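Input: a single structure, listed below in structure tokens.
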Amino acid sequence: MSKEIKTETGEIALKEIEFKSSKYEKISFKDYETLLERYQIELLKLQKFVKEKGLKILILMEGRDAAGKGGTIKRLTEHLNPRGCRIVALEKPSNVEKTQWYFQRYVAHLPSGGEITIFDRSWYNRAMVEPVMGFCTHAEHKDFLRQVPKFEELLVSAGIILFKFYFSVSKEEQKRRFESRRTDPLKQYKLSPVDARSQELWNQYTLAKYSMLLASNTEFAPWTILDSNDKKIARLNAFRCILSRIDYPEKIDAKELAVDPNLVRNGAREIVLMEDSQKSEAWRKLGSPSRKNKKDKKKG
């Protein structure tokens, strides 16, 4: 269900998507397009303010394969002035880069005054993909988790406004999207050898995510978790999170940027949810018939 919000002049400003049972209703394409255009206009206002004030905005996009990062980046940037907005998507490190301090190749791409920089995956490759796929050693992974809070504290203290988004997709939805990529010629370029093992290594990625959040969800650089099973809602929520954090001239009312806390969570909340889920799974296994049979056999 949606309702129109009107300005003082009586003109329709926005269609607000209301909550139902702590979840968004399935958003219609018309409502989605209305909201998207509205938020893209707001982001242009923000970009103008960033340019005028010399602000430095850095946005990290992380998450499992097929979680919706690329589509969100496309919608965020498609109407921004490219002179003040950059997308950084680095290839695997060269032989020279492999000899450098791990963060070194990322530093060259940090935003200057008046810029918005979006990393399509970032230094957090070493938190998830690299350790799970065996692209780094256990010691390198451990060093990264120890160093990353210090690195990000330096960025924030240097005046960089840092956003860290993690797009959270379910195993079933990821599988569905992989199948869509395999059968759609226009999407097949998105498939990679890493994608092929994502489902197989699901639990390992979950553990890596948990370790990453524990180490890097800090007061000065917190994570924002976006439920991305519905990609359209995830995109809109990314806009809301960015726009709501920074004040700029002629900004829309705060209530128009409200999010459902079940679909947008901070890192601390995600850690608790992951721990609770793990405990529930452990109790479920303890109470399963196979477990009971094994106990009975031991007693016998």
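What follows draws every value from the coordinates through simple rules; no lab data is involved. Fair warning: this is a prediction, and the values are worked out from it, not measured in the lab. Positions of Cβ are backbone-derived with ideal geometry, glycine not excepted, and every protein chain shown enters the neighbour counts.
Considering E200, E270, the condition of being surrounded by fewer than 20 Cβ atoms within 10 Å (Cβ to Cβ), in contact with a strand residue (DSSP E or B) (Cβ under 9 Å, 6 or more places away or on another chain), within 26 Å of G71 (Cβ to Cβ) and not aliphatic (A, V, I, L, M) is satisfied by E270 alone. Reported count of residues in region 248-262, each being more than 22 Å from the chain's Cα centre (by Cα) and part of a loop (DSSP other than H, G, I, E, B), is 6. Within region 127-142, the only residue that satisfies the criterion of being free of Cβ contacts under 8 Å to residues at least 12 places away in the same chain and among the acidic types (D, E) is E130. Considering only residues in region 113-128 that are in contact with a Phe, Trp or Tyr (Cβ under 7 Å, 6 or more places away or on another chain) and among the aliphatic types (A, V, I, L, M), the one that is nearest to S198 (Cα to Cα) turns out to be M128.
Sub-7 Å Cβ pairs linking a first residue in region 91-106 that is surrounded by 11 or more Cβ atoms within 10 Å (Cβ to Cβ) to a second residue that is part of a loop (DSSP other than H, G, I, E, B), at least 6 apart or interchain, are R105/L90; R105/P93; Y106/S122, ordered by first then second residue. I'd like the residue in region 59-87 that is among the basic types (K, R) and surrounded by fewer than 20 Cβ atoms within 10 Å (Cβ to Cβ) and, out of all such residues, is nearest to I233 (Cα to Cα). Per the criteria, the residue is R75. Whenever a residue of region 48-64 is among the small types (G, A, S), its partners that are not in a strand (DSSP E or B), lying with C-beta atoms within less than 6 angstrom and at least six residues away or across chains, give the pairs G54/G113; G54/G114; G63/K69.
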